[in-house]
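Working notes, structure below.
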Amino acid sequence: MCGSPCTGAYSTETQFGLIEIATQLETNNGVDDQRAVTPLKLAQYISQIGITKSFLLSNINLVGLVPYVIMFPTPATNKDAFTTSIKNANGNQVFVDVDSVSTNGFAITSTATILNLTVFTTYI
């Protein structure tokens with residue numbers, strides 16, 4: 001533990017030492033290479049600027065008329081702001097119904113059974 005004020009060598013990419021936590025403004029500006037960013041401040045910045053998230057699922061099997069639930073890895077900020085591309089094993093686009101959309105995910109259904117699908121989804 002260090003007293004206040006704490007003295008000593010500051011850390012670098014190759015040297016152990018002291019660090020100072022960046023403020024939210026310093027995190028948002030993105031020009032300070034001397035302070036560390038916390039996960040919370042980074043998440044708040046990403047949320048402010050609306051960076052999209054994406055994920056890929058493979059080997060998905062749809063059984064005719066049975067909903068397949070796809071969960072977002074992290075909750076969406078807007079349940080209506082997502083795109084998804086679904087392709088079969090040959091790489092051809094497959095069209096399905098999208099149901100039950102929420103900030104946690106969505107469900108897809110098909111009238112036919114389709115095996116070995118790849119689902120690529122981008123969301124905010």
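The values are calculated or read from the model by the stated rules, or taken from the named source; none is laboratory data. What you are looking at is a predicted structure, and each value in this text was computed from that prediction instead of being measured. Glycine gets a Cβ as well: all are built from the backbone with ideal geometry, and neighbour counts include every protein chain shown.
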Inset, instruction - Take Leu117 and decide whether it is assigned to a strand (DSSP E or B), more than 30 Å from Tyr10 (Cα to Cα) and of a type in the set (A, V, I, L, M, F, W, C). - result: yes
Inset, instruction - Answer yes if at least one residue in segment 79-92 is out of contact with any Ser or Thr (no Cβ under 9 Å at 6 or more places or on another chain) and in contact (Cβ under 8 Å) with a residue 24 or more places away in the chain, and no otherwise. - result: no
Legend entry - Selection within segment 61-85 - surrounded by 14 or more Cβ atoms within 10 Å (Cβ to Cβ), under 30 Å from Ile46 (Cα atoms) and modelled with pLDDT of 95 or more: Tyr68, Ile70
Legend entry - Filter pass, Ser11 being of a type in the set (Gly, Ala, Ser), surrounded by 10 or more Cβ atoms within 10 Å (Cβ to Cβ) and outside the structural domain of Thr109 (by TED's automatic domain parsing): yes
Legend entry - Residues located in segment 10-47, provided they are of a type in the set (A, V, I, L, M, F, W, C) and either modelled with pLDDT under 85 or assigned to a helix (DSSP H, G or I) (or both): Leu25, Leu40, Leu42, Ala43, Ile46
Legend entry - Residue among Gln34, Gln48 that alone is under 17 Å from the mean Cα position of the chain (by Cα) and either farther than 16 Å from Phe106 by Cβ or in contact (Cβ under 8 Å) with a residue 40 or more places away in the chain (or both): Gln48
Legend entry - Failed criterion for Gly17 (all others in (1) outside the structural domain of Ala112 (by TED's automatic domain parsing); (2) surrounded by 12 or more Cβ atoms within 10 Å (Cβ to Cβ); (3) in contact with a Ser or Thr (Cβ under 6 Å, 6 or more places away or on another chain) hold): (2)
Inset, instruction - Being within 20 Å of the chain's Cα centre (by Cα) and β-branched (Val, Ile, Thr) narrows it down to one of Thr109, Thr103, so name that one. - result: Thr103
Inset, instruction - Name every residue in segment 24-58 that is closer than 30 Å to Lys79 by Cα and polar (S, T, N, Q), in order of residue number. - result: Gln24, Thr27, Asn28, Asn29, Thr38, Gln44, Ser47, Gln48, Thr52, Ser54, Ser58
Inset, instruction - Could you list, in sequence order, all residues of segment 104-124 that are over 16 Å from Ser54 (Cβ atoms) and surrounded by 11 or more Cβ atoms within 10 Å (Cβ to Cβ)? - result: Asn104, Ala107, Ile108, Thr109, Ser110, Thr113, Ile114, Leu115, Asn116, Leu117
Inset, instruction - Might you let me know whether segment 55-74 holds any residue that is in contact with a Gly (Cβ under 9 Å, 6 or more places away or on another chain) and closer than 30 Å to Leu25 by Cα? - result: yes
